[in-house]
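Only one structure is covered here, and it is reproduced in the block below.
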Amino acid sequence: MKIFMDELVQQIRQNLQSINERMERCLKAAGRSSGGARLVVVTKSQPLDVVEAAILAGATHLGENYPLEALEKIRSLEQY
(Lines give C-alpha, C1' and ligand atoms only; values in the text may rest on other atoms or scores of the structure.)
Protein backbone atom coordinates (compact mmCIF):
# COMPACT_ATOMS: atom_id res chain seq x y z
CA MET A 1 0.00 0.00 0.00
CA LYS A 2 2.83 2.42 0.83
CA ILE A 3 4.40 1.92 -2.62
CA PHE A 4 1.06 2.63 -4.28
CA MET A 5 0.61 5.77 -2.15
CA ASP A 6 4.14 7.01 -2.89
CA GLU A 7 3.59 6.53 -6.63
CA LEU A 8 0.21 8.22 -6.48
CA VAL A 9 1.62 11.20 -4.57
CA GLN A 10 4.45 11.54 -7.10
CA GLN A 11 2.06 11.35 -10.06
CA ILE A 12 -0.27 13.96 -8.55
CA ARG A 13 2.70 16.19 -7.66
CA GLN A 14 3.90 16.10 -11.28
CA ASN A 15 0.39 16.87 -12.55
CA LEU A 16 0.00 19.79 -10.13
CA GLN A 17 3.36 21.21 -11.19
CA SER A 18 2.46 20.95 -14.87
CA ILE A 19 -0.93 22.58 -14.35
CA ASN A 20 0.53 25.38 -12.23
CA GLU A 21 3.16 26.08 -14.88
CA ARG A 22 0.47 26.28 -17.58
CA MET A 23 -1.63 28.55 -15.40
CA GLU A 24 1.32 30.90 -14.88
CA ARG A 25 1.98 31.04 -18.64
CA CYS A 26 -1.68 31.83 -19.30
CA LEU A 27 -1.74 34.52 -16.62
CA LYS A 28 1.37 36.11 -18.09
CA ALA A 29 -0.09 35.99 -21.61
CA ALA A 30 -3.27 37.65 -20.33
CA GLY A 31 -1.29 40.39 -18.58
CA ARG A 32 -2.38 39.23 -15.14
CA SER A 33 -0.18 39.01 -12.10
CA SER A 34 1.49 35.80 -11.05
CA GLY A 35 -0.74 34.08 -8.55
CA GLY A 36 -3.80 35.80 -10.01
CA ALA A 37 -5.67 32.50 -10.19
CA ARG A 38 -6.08 29.59 -7.82
CA LEU A 39 -6.18 25.89 -8.66
CA VAL A 40 -8.94 24.04 -6.84
CA VAL A 41 -8.57 20.27 -6.76
CA VAL A 42 -12.03 18.71 -6.93
CA THR A 43 -12.38 15.65 -4.71
CA LYS A 44 -15.93 14.72 -5.75
CA SER A 45 -16.40 10.95 -5.59
CA GLN A 46 -12.71 10.35 -4.84
CA PRO A 47 -11.80 7.91 -2.05
CA LEU A 48 -10.10 9.22 1.05
CA ASP A 49 -6.67 7.80 0.15
CA VAL A 50 -6.66 9.69 -3.16
CA VAL A 51 -7.59 12.94 -1.40
CA GLU A 52 -4.82 12.32 1.14
CA ALA A 53 -2.35 11.72 -1.71
CA ALA A 54 -3.38 15.04 -3.29
CA ILE A 55 -2.76 16.85 -0.02
CA LEU A 56 0.63 15.16 0.40
CA ALA A 57 1.46 16.15 -3.19
CA GLY A 58 0.88 19.81 -2.37
CA ALA A 59 -2.77 20.50 -3.14
CA THR A 60 -3.92 23.26 -0.80
CA HIS A 61 -7.38 24.18 -2.11
CA LEU A 62 -9.86 21.32 -2.29
CA GLY A 63 -13.45 21.34 -3.49
CA GLU A 64 -16.21 18.86 -2.79
CA ASN A 65 -19.74 18.96 -4.22
CA TYR A 66 -21.48 17.07 -1.46
CA PRO A 67 -21.52 18.55 2.05
CA LEU A 68 -21.75 15.19 3.82
CA GLU A 69 -18.79 13.81 1.85
CA ALA A 70 -16.87 17.01 2.54
CA LEU A 71 -17.53 16.75 6.26
CA GLU A 72 -16.39 13.12 6.34
CA LYS A 73 -13.19 13.95 4.45
CA ILE A 74 -12.46 17.01 6.58
CA ARG A 75 -12.84 15.01 9.79
CA SER A 76 -10.70 12.14 8.48
CA LEU A 77 -7.95 14.44 7.20
CA GLU A 78 -7.91 17.16 9.86
CA GLN A 79 -4.27 16.30 10.70
CA TYR A 80 -3.30 18.07 7.47
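A few notes on this one:
- Taking the listed residues Ala70, Ala53, Ala37, the one that is at negative phi and at pLDDT 95 or above is Ala53, with no other qualifying.
- Here Gln10, Gln14 are screened, and the one residue that is open to solvent by 90 Å² or more (accessible area, probe 1.4 Å) and modelled with pLDDT of 95 or more is Gln14.
- Among (1) assigned to a loop (DSSP other than H, G, I, E, B); (2) at negative phi; (3) more than 15 Å from the chain's Cα centre (by Cα) - the single one Tyr80 does not satisfy: (3)
- Residue tally, condition more than 15 Å from the chain's Cα centre (by Cα), among the aliphatic types (A, V, I, L, M) and not in a helix (DSSP H, G or I), over the range 22-77: 1
- Figure legend. Inter-residue proximity from the range 42-54: first residues surrounded by 20 or more Cβ atoms within 10 Å (Cβ to Cβ), second residues assigned to a strand (DSSP E or B), beta-carbon distance below 6 Å, spacing 6+ or different chains. Indicated pairs: Thr43/Leu62; Ala54/Val41.
The values are calculated or read from the model by the stated rules, or taken from the named source; none is laboratory data. Just so you know, these numbers come straight off a predicted model, no measurement behind them. All Cβ positions, glycine included, derive from the backbone under ideal geometry; neighbour counts span all protein chains shown. The accessibility values were calculated without ligands, DNA or RNA, using every heavy atom of the protein model including side chains. Shrake-Rupley method; radii C 1.70, N 1.55, O 1.52, S 1.80 Å.
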